[in-house]
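To start, the structure under review is shown below, and the notes come after it.
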Amino acid sequence: MPFIVIYDSCVLFPRTMRDILTRVAAAGLVRARWTEHIHDELRGRLVDKYPDMAEGEQINKLIAFLMDTVPDCLVHGYEDLIEAFTLPDANDRHVAAAAVKAGAQMIVTRDGRGFSKSFLDRHDLTLRDPDDFVADLIDLPRVGPLMHQIVTEMADDQNKTVSQVIDALRKNKMPLTAAKLGR
């Protein structure tokens, strides 16, 4: 069974990053999990950046797409754990609680400052930047070819070339992933 990872809202916000991460989960390479709270944070970020999305159904369609793409992604029953954690960033307690409740081995986030080393060690969790996370997957012998297939599918779905998708990954602060896929 694939290992369990929590995707923080910050990695679900950039389109190309979200696309590759959800496809990694849909391919069964990891069991990605997140929460309604993370959906709410994603909604807030999208509305902040694209105020016109607040009026339409685009955000709801995106959330529905995420849930359809990664079935059983939602962690439930973590809410009572939130207050139990003392972290450098109190806003990350819900992510920590979800990780513990889900039995995750990893939290994929762009902002790991909110998680103390003692918390991570106590719960046998690691933090990974999405670029390092995907780049590490590419290095796995049986996974590397599948990652190239995933990027080809992304390109087809977006009416782009593979090079354009790789450039988009680079622009989404995923230079290691882009470099490894560009080989």
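The values are calculated or read from the model by the stated rules, or taken from the named source; none is laboratory data. For clarity, every value in this text was computed on a predicted model and none was experimentally measured. Note that each Cβ is placed from the backbone with ideal geometry, even for glycine, and that neighbours are counted across all protein chains shown. SASA here: full protein model, heavy atoms, side chains in, ligands and nucleic acids out. Shrake-Rupley method; radii C 1.70, N 1.55, O 1.52, S 1.80 Å.
Annotations
- Members of the stretch 166-181 found to be among the β-branched types (Val, Ile, Thr), over 21 Å from residue 28 (Cβ atoms) and touching a residue at least 60 places away in the same chain (Cβ under 8 Å), listed by number: none
- So residue 77, is it exposed (fewer than 14 other Cβ atoms within 10 Å of the Cβ) and touching a residue at least 60 places away in the same chain (Cβ under 8 Å): no
- Leading residue by the ranking (farthest from the chain's Cα centre (by Cα)) among those in the stretch 55-74 that are open to solvent by less than 60 Å² (accessible area, probe 1.4 Å) and free of Cβ contacts under 8 Å to residues at least 24 places away in the same chain: 56
- Residue 34 fulfils the conditions (1) surrounded by fewer than 17 Cβ atoms within 10 Å (Cβ to Cβ); (2) touching a Ser or Thr at 6+ places or on another chain (Cβ under 8 Å) except for a single criterion, (1).
- Residue in the stretch 137-156 that is over 24 Å from residue 26 (Cα atoms), modelled with pLDDT under 95 and of a type in the set (Lys, Arg) present: no
- Taken over the stretch 153-168, the residue count meeting the criterion of being open to solvent by less than 60 Å² (accessible area, probe 1.4 Å) and either closer than 19 Å to residue 131 by Cα or part of a helix (DSSP H, G or I) (or both) is 6.
- The set of residues in the stretch 94-134 that are surrounded by fewer than 22 Cβ atoms within 10 Å (Cβ to Cβ), among the polar types (S, T, N, Q), assigned to a loop (DSSP other than H, G, I, E, B) and at pLDDT 95 or above contains only 105.
- Condition check for residue 47 on (1) more than 30 Å from residue 162 (Cα to Cα); (2) open to solvent by 30 Å² or more (accessible area, probe 1.4 Å); (3) part of a helix (DSSP H, G or I); (4) in contact with a helix residue (DSSP H, G or I) (Cβ under 8 Å, 6 or more places away or on another chain): one failure, at (1).
- Breaking point among (1) surrounded by 18 or more Cβ atoms within 10 Å (Cβ to Cβ); (2) assigned to a loop (DSSP other than H, G, I, E, B), for residue 28: (1)
- Selection of the stretch 64-94 for residues being touching a His at 6+ places or on another chain (Cβ under 8 Å) and of a type in the set (Val, Ile, Thr) yields only 82.
- Among (1) loosely packed, with under 13 Cβ neighbours inside 10 Å; (2) on the phi > 0 side of the Ramachandran plot - the single one residue 139 does not satisfy: (2)
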